[in-house]
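Engineer: Before we start, here is the structure in question, set down as structure tokens.
The values are calculated or read from the model by the stated rules, or taken from the named source; none is laboratory data. Model, not experiment: these values are computed from the prediction. Glycine gets a Cβ as well: all are built from the backbone with ideal geometry, and neighbour counts include every protein chain shown.
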2 protein chains.
Amino acid sequence: MSKPGQQVISRLRQMILSGELESGQRLVEIPTAEQLNVSRTPVRIAFRTLEQEGLLTKLSGRGYIVRQVTQAEISGSIEVRGVLEGLAARQAAENKLSKSQTNELLRLLKQGDELFVKGSINEQDLAIYHDMNQRFHQIIIEASLNPAISEALSRNEHLPFASVSALAFDRNNLAQEYRRFNFAHMQHHAVFDAITHGQGSRAEAIMREHANATLGYAKIFSQMEDNGEKMHILKNIDSII
Amino acid sequence: MSKPGQQVISRLRQMILSGELESGQRLVEIPTAEQLNVSRTPVRIAFRTLEQEGLLTKLSGRGYIVRQVTQAEISGSIEVRGVLEGLAARQAAENKLSKSQTNELLRLLKQGDELFVKGSINEQDLAIYHDMNQRFHQIIIEASLNPAISEALSRNEHLPFASVSALAFDRNNLAQEYRRFNFAHMQHHAVFDAITHGQGSRAEAIMREHANATLGYAKIFSQMEDNGEKMHILKNIDSII
DNA sequence: TTTTTATTCATTGGATCCAATATAAATAAA
DNA sequence: TTTATTTATATTGGATCCAATGAATAAAAA
């Protein structure tokens, strides 16, 4: 069993990421502690940790609120992810992949092929592809052998993925979603090809392009961008890309 | 007066960055609290904060140690900084600089010109240039209007700068140091030029090149690279670039 | 009515005690 | 002698009390 202190942190984190706690909702130590049946101490530490992770915002003297982000912040965060994952792809190409990394990436690509070969996509496929996508990116970051990349990403690890998903995934237009995600999958193929051929610059360019493709989706709800409305960090983490 | 809790954090941070605490030195809550004349509570919070900043490493059950980094980690960190500052330069060019930002950058460049016009450099000049350099980069990051960049950098903000300095600055070869820093200054001019002409890609490329120039310096002490010796995060923050 | 100044109240920050845990040491068994 | 097991010790984690702070409110002055 893991430590209770860590449990408070991950429990609160999950409550934020799942949308159980609304964006902008106020969090105060004592009520939160009572709700979680712990004392203030672990809650205090959790609040500070989550603030550093960028999930909470401190209101001096009046507790914390679940972080609100603007459309501009989401876009900025996506661009940051783009350059960092681009660097990861470059360095993965320079280092060469390990045997097991190559095999797992090949397996993921093949799985994706099978998913897209039918010419349509449903929500269940999407859930599967979501996990595969996460793993694909994770392997490349690991293959960079550069821990500073994941350290830099850790600050707003969830932000780009999830918020985009909440914005961009249109359950009423699965045909269009199919084309989007199929294209993303083709980019995965291209990234893998570049990496295995040791083409660092090409791998970087494709990966960056791939990440930035999300930018367009993030701007779909243009009224949000126009009026600067703030929104939840990331409900419904079912994003792709 | 700022809060005492923050004081403990910044005091410890400064002790680490200044080298007062050796790399690998063990830190335990109670002795540290006694030394700083506070209770364990603020020290506990400070340790966790500094761990997340990447300055301390946790030894489960036996306190913390001042983080040790390898040559490879420093190089990786420099590359991360490179892509992030490159992105900042690109976005600064796309957004255009504010009047005051333009003026301050121009002033910094002119100051630098005066420093380098004499054809030689001493340690005092270097201290001055260090501050100017920090400010130059800071303005460009601000001008990107992308808070995710500084968030991503915050994790290992100090790492590349300082560790490079400890490695690379050769007080016995000031002529060579002059050429290096003069070249870096010329790159500042080029970055500024690209930004003010709205040339985002060019600004990004130069900035990345500029940051990566540090890589070579970081490898000067090649024996460290060979045997993977671990070293202090960053004594003597007097780095340039 | 507006502005300033007290006052109250909500909330966090610090200190200290006790409990839980993990490492190190010592002992016993193989 | 080596390995396993127990014991002791060092160290962190959690709970709770009290102090300090800052925001909201009420009162007083302009």
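Engineer: Conditions first: (1) at pLDDT 90 or above; (2) buried (at least 22 other Cβ atoms within 10 Å of the Cβ); (3) outside the structural domain of B:MET207 (by TED's automatic domain parsing). B:VAL80 passes all but one, so which condition is the exception?
Structural biologist: So the condition that B:VAL80 fails would be (3).
Engineer: Exactly one of these conditions fails for B:GLY61: (1) in contact (Cβ under 8 Å) with a residue 40 or more places away in the chain; (2) in a loop (DSSP other than H, G, I, E, B). Give me its number.
Structural biologist: (1)
Engineer: Provide a single number: the residues in the range A:20-36 that are assigned to a helix (DSSP H, G or I) and within 11 Å of DNA strand D (Cβ to nearest atom).
Structural biologist: Of the residues in the range A:20-36, 5 are assigned to a helix (DSSP H, G or I) and within 11 Å of DNA strand D (Cβ to nearest atom).
Engineer: May I ask you to verify whether B:GLY112 is in contact (Cβ under 8 Å) with a residue 24 or more places away in the chain, among the small types (Gly, Ala, Ser) and closer than 16 Å to B:GLN187 by Cα?
Structural biologist: When the stated conditions are applied, B:GLY112 passes them.
Engineer: Please identify the pairs in which a residue from the range B:1-23 that is within 13 Å of another protein chain (Cβ to nearest Cβ) has its Cβ atom under 6 Å from the Cβ atom of a residue that is within 15 Å of DNA strand D (Cβ to nearest atom) and modelled with pLDDT under 90, counting only partners at least 6 apart or on another chain.
Structural biologist: Note: no pairs meet the criteria.
Engineer: Would you mind finding the one in B:LEU27, B:LEU56 that is outside the structural domain of B:ALA203 (by TED's automatic domain parsing) and within 16 Å of DNA strand C (Cβ to nearest atom)?
Structural biologist: B:LEU27
Engineer: Residue check: is A:ILE9 assigned by TED's automatic domain parsing to the domain that holds A:ALA175 and crowded, with 18+ Cβ neighbours inside 10 Å?
Structural biologist: No.
Engineer: Picking from B:GLU73, B:GLU53, B:GLU22, B:GLU29, which residue would you name as being modelled with pLDDT of 95 or more and either surrounded by 20 or more Cβ atoms within 10 Å (Cβ to Cβ) or of a type outside the set (S, T, N, Q) (or both)?
Structural biologist: B:GLU29
Here is a yes/no grid of residues against (1) outside any loop (DSSP other than H, G, I, E, B); (2) at pLDDT below 95:
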residue: A:ARG179; (1), (2): yes, yes
residue: A:ALA203; (1), (2): yes, no
residue: A:GLY216; (1), (2): yes, yes
residue: A:ASP238; (1), (2): no, yes
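Engineer: Of everything in the range A:37-65, what is near DNA strand D (Cβ under 9 Å from one of its atoms) and more than 14 Å from chain B (Cβ to nearest Cβ)? Give them in sequence order.
Structural biologist: A:ASN37, A:VAL38, A:LEU59, A:ARG62
Engineer: Among the candidates B:LEU87, B:LEU108, B:LEU17, single out the residue that is in a helix (DSSP H, G or I), more than 21 Å from B:ILE141 (Cα to Cα) and either more than 16 Å from DNA strand D (Cβ to nearest atom) or in the same structural domain as B:ALA205 (by TED's automatic domain parsing) (or both).
Structural biologist: After ruling out the rest, the residue left standing is B:LEU17.
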